[in-house]
Amino acid sequence: MRLRKDVNVYLFDPTRKYFHIVIEMENVPGALRNVLEVMHGIGLNVLGSFSSVDGSARLGVWSGFVEDDEHTAWDLKQRLGASPFVHDAMVVESRQGFLVDGVHFPLAFNTGTRAVMMGAKSLANMLSTVNEKFGTGGNVILFEEGRTYGKDLGEEYLLKLGADFILSNFAEVVKLYQALGWFRVEKVRFDPAEGKVVVDAAESFECEGVESRVPRSHFVRGHLEGMVTAWLGKPMESKETLCAAKGDRVCEFTLTPRGP
Ligand SMILES: [Zn+2]
């Protein structure tokens with residue numbers, strides 16, 4: 001099974017006609033099925049979609065990029081709007097085969113926290129530039145930036161989940177890095193007595209495709225340090241004990257309590 005998560009940003013093929021369809025519907029059983037049946041009846045080819053609903057809300061949203069060369073945006077809006085479950089339908093047609101999501105804003109995690117998307121490779125290049133231009137001083141900057149972000153996010157999770165839950169479900173909660181696309185969480189070891197944490201991170205965006213003689217992850221390492229410091233409520237010290245940029249299979253981060 002392909003497990004990559006795709007987010008619709010744009011499509012471009014001058015020989016094709018695309019539509020962006022956003023449907024606001026009643027949040028009741030059977031509504032989404034009905035809407036999908038209407039789209040199937042029209043013969044739309046769905047290329048990518050998401051649906052979301054606020055648990056307490058009366059309405060849900062389905063949004064998708066579709067391909068179709070037989071209908072106009074007006075036709076589709078009428079057909080979809082005729083469903084008894086549809087509250088409102090928005091249909092945007094591509095221009096010369098170019099369709100961009102100029103509808104949704106802001107992006108947010110399902111927790112409601114606003115998010116921005118960046119290409120992982122470009123972000124990794126940005127971090128590399130700091131390392132190349134400023135050497136070890138640059139690495140300290142990257143580490144501090146990561147630690148600030150990690151502490152922020154760690155405190156947010158602490159507030160939402162509580163320390164007890166995090167400590168007893170440590171490996172599960174660390175998977176949030178995978179949910180954010182930073183790295184695949186291959187293994188997490190947490191020793192509560194010693195306060196030691198070891199995280200094996202596969203395909204980390206910061207180190208993937210990079211070659212280095214020394215461990216290369218400063219931003220992600222700082223982030224983990226900030227995060228775990230917030231969760232355990234005591235200052236931690238982090239080391240990247242294995243690094244994919246050096247040729248190791250994964251980047252392994254080892255965190256231990258700082259000082260006496
Ligand atoms: Zn690494």
Exercise. Can you tell me which residue in segment 158-201 is least open to solvent (accessible area, probe 1.4 Å), limited to those that are modelled with pLDDT of 95 or more and either on the phi > 0 side of the Ramachandran plot or among the hydroxyl-bearing types (Ser, Thr, Tyr) (or both)?
Worked result: 177
Problem set entry | Only one of 107, 99, 80, 123 that is surrounded by 13 or more Cβ atoms within 10 Å (Cβ to Cβ) and under 24 Å from residue 182 (Cβ atoms) | 123
Exercise. Would you call residue 47 among the aliphatic types (A, V, I, L, M), closer than 30 Å to residue 178 by Cβ, touching a Phe, Trp or Tyr at 6+ places or on another chain (Cβ under 8 Å) and modelled with pLDDT under 95?
Worked result: no
For this session: Kindly indicate whether residue 142 is modelled with pLDDT of 95 or more and within 13 Å of the ligand (Cβ to nearest atom).
Result: yes
Problem set entry | For residue 39: the one exception among (1) exposed (fewer than 13 other Cβ atoms within 10 Å of the Cβ); (2) in contact (Cβ under 8 Å) with a residue 24 or more places away in the chain; (3) outside any strand (DSSP E or B) | (1)
For this session: With the condition kept exactly as written, say whether any residue in segment 27-34 is within 30 Å of residue 116 (Cα to Cα) and modelled with pLDDT under 95.
Result: yes
Seminar exercise, completed: Note on segment 8-20: residues closer than 19 Å to residue 51 by Cα and open to solvent by 80 Å² or more (accessible area, probe 1.4 Å) are 10
Exercise. How about segment 136-169: which of its residues are among the aromatic types (Phe, Trp, Tyr) and without any contact (Cβ under 8 Å) to a residue 60 or more places away in the chain?
Worked result: 165
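The values are calculated or read from the model by the stated rules, or taken from the named source; none is laboratory data. Being a predicted model, the structure only gives us computed values, none of them experimental. Backbone-built Cβ (ideal geometry, glycine too); neighbour counts: all protein chains shown. In case anyone asks, the SASA skips ligands and DNA or RNA and just uses the protein heavy atoms, side chains included. Shrake-Rupley method; radii C 1.70, N 1.55, O 1.52, S 1.80 Å.
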